[in-house]
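Novice: Okay, handing you the structure first.
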Amino acid sequence: MACTGYGQEMVAKNEYGLRDRISGFLALTRPIFFILTPINAASAAVLALKGYPSLSQCLLGFVAVALASCAINVSNDYVDRERDKRIWPARPIPSGRVKPGEALLVVIASLIISLSIAWFFFNPPTFIILLLAIILGALYSAYLRDRVGYLALPPIVGLIYLGGWAAFSPETLLSSWLPWYLYLLGVAWQTAHIMIYYPMHIMPDAKVPPVLFFTPLPQSAVKIGVGFTCLTLLSSAGLFFLTPLGTLYLALVVAAGIYALINGLRLLRDSLNRNTGLKASVSLSIFRLVISAAILITVFLTAI
């Protein structure tokens, strides 16, 4: 039986070899977000510190945030395992490459390691923010998404920037406006990403969760996504005028933002085209990566 999901195609089997199993576990972690989420947190951390922490702190912070992201994403797939049999049958759990019990073990191990690092190597505010993000992320998958809508997620995702800031400057978390600006930037980007991706959740005979207590038409969802892409572009460019970030930062984020915006506008012409939708979604992920990477590069160049 051929299975298609999230831009990949595979043949379902009764038994899987080691290579299939390994690829299933890798896919389960959402590699792009496994890497992207710590980089997002790191961009807030270097702005808080006005420089780079030690290599050991960088590595510990990366692992803590990556595993927290892993726990949230895998718990989402665990909760959605029955629904994904219809919508995303090629995902690791519905395809059978990863058993539900194994996915649950990944969630538990990731939680323990992530929170232990935050508690023992950073500070209580970082631990509390990370724990809150994980709890709300799990609540989103189990309840909020279906009852409130997909847009219950962006305020949760924004916490990762507050956590990155708190890791190195907890005393300024409530006295500085910058971590909250980064929080809102993260919320705007996540909203854009969700709305651009939303039409790909529409499947025959499958109930589509609401956006925020309402269910928009595909083109309306894309229009909202394009609007928030514009807001993300303006907000990220605004950091150039609000911080010491240089022209290299501005050039990179404007280029990536325009690319994401162009792909979003193309999706408006055919909102149910999955290939165009995937390209628009990936370009938004690249945009978020470029924003954070540009911050890290600019701060590094300033330090040397």
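Novice: Any idea how far the Cα center of region 47-124 sits from the one of region 131-168, in Å?
Specialist: 13
Novice: Can you pull the Kirkwood radius for the chain, inverse mean 1/r over Cα pairs, to one decimal in Å?
Specialist: In the chain this quantity evaluates to 19.9 Å.
Novice: What translational diffusion coefficient, to the nearest whole µm²/s, does region 227-304 have by Stokes-Einstein, given a Kirkwood radius computed over alpha-carbon pairs, a temperature of 10 °C and 1.306 mPa s viscosity?
Specialist: Stokes-Einstein gives a translational diffusion coefficient of 122 µm²/s.
Novice: When the Karplus curve 6.51 cos²θ - 1.76 cosθ + 1.60 is applied with θ = phi - 60°, which whole-Hz ³J(HN,Hα) does each residue of region 249-257 get, with x for Gly and Pro?
Specialist: Those phi angles translate into 4, 4, 4, 5, 6, 5, 4, 5, x Hz.
Novice: Here's another thing I want to ask about it. Could you work out the relative contact order of region 177-304? I mean the mean sequence separation of Cα pairs under 8 Å and 6+ apart, divided by the number of residues, in percent.
Specialist: It comes to 29 percent, rounded to a whole number.
Novice: Relative contact order for region 22-102: what is it in percent, counting Cα pairs under 8 Å that are at least 6 residues apart?
Specialist: Averaging sequence separation for qualifying contacts and normalising by length gives 41 percent for region 22-102.
Novice: Here is a follow-up. Just to verify a number: FRET efficiency for Ala237 and Ser285, C-beta to C-beta distance, R0 = 25 Å, to 0.05?
Specialist: 0.85
Novice: Helix 124-139 versus the longest principal axis of the chain: what is the Cα-based angle in degrees, 0 to 90, to the nearest 10?
Specialist: The answer is roughly 20 degrees.
Novice: Given 5 Å bins starting at zero, what is the percent of C-alpha pairs of region 140-211 in each, up to the one with the largest pair distance?
Specialist: Final binned percentages: 3, 16, 20, 19, 14, 11, 9, 4, 2, 1, 0.
Novice: By counting other Cβ atoms within 10 Å of each Cβ, how are Ser54, Ser141, Ser292 ranked from fewest to most?
Specialist: Final ranking by Cβ density, sparse to dense: Ser54, Ser141, Ser292.
Novice: Let me ask something else. Report the Stokes-Einstein translational diffusion coefficient (µm² s⁻¹, integer) for region 150-304, Rh taken as the Kirkwood radius over Cα pairs, at 20 °C with viscosity 1.002 mPa s.
Specialist: Using the Kirkwood radius from Cα pairs, D works out to 132 µm²/s.
Novice: For the chain, what is the mean residue ellipticity at 222 nm derived from helices alone (per DSSP H run of n ≥ 4: -39500 (n - 2.57); sum divided by total residues; nearest 500 deg cm²/dmol)?
Specialist: About -23000 deg cm²/dmol.
Novice: Read phi for every residue in region 171-187 and hand back ³J(HN,Hα) as whole Hz from Karplus 6.51 cos²θ - 1.76 cosθ + 1.60, θ = phi - 60°, with x for Gly and Pro.
Specialist: Residue by residue, region 171-187 yields 5, 9, 4, 9, 9, 10, 7, 5, x, 6, 5, 5, 4, 5, 4, x, 5 Hz.
Novice: Can I ask one more? Can you compute log10 of I(q)/I(0) for region 19-175 with the Debye formula, treating each Cα as one identical point scatterer, at q = 0.16, 0.17, 0.18 Å⁻¹?
Specialist: -0.87, -0.96, -1.05
Novice: For Trp119 and Asn273 in one chain, what is 0.36 nm times their gap in residues minus the Cα-Cα distance, to one decimal in nm?
Specialist: Net length gain for the segment: 50.9 nm.
Novice: If you take every residue apart from Gly24 with its C-beta less than 10 Å away from the C-beta of Gly24, what net charge results, scoring Lys and Arg +1 and Asp and Glu -1?
Specialist: The answer is +3.
Novice: Quick check for the chain: number of Lys pairs with alpha-carbon distance under 18 Å, counting only pairs 8 or more apart or on different chains?
Specialist: Final tally of qualifying lysine pairs is 5.
Readers should treat all values here as calculations from the given coordinates under stated rules, not as data from a laboratory. Nothing here was measured: the structure is a model prediction, and the numbers come from that model. Glycine gets a Cβ as well: all are built from the backbone with ideal geometry, and neighbour counts include every protein chain shown.
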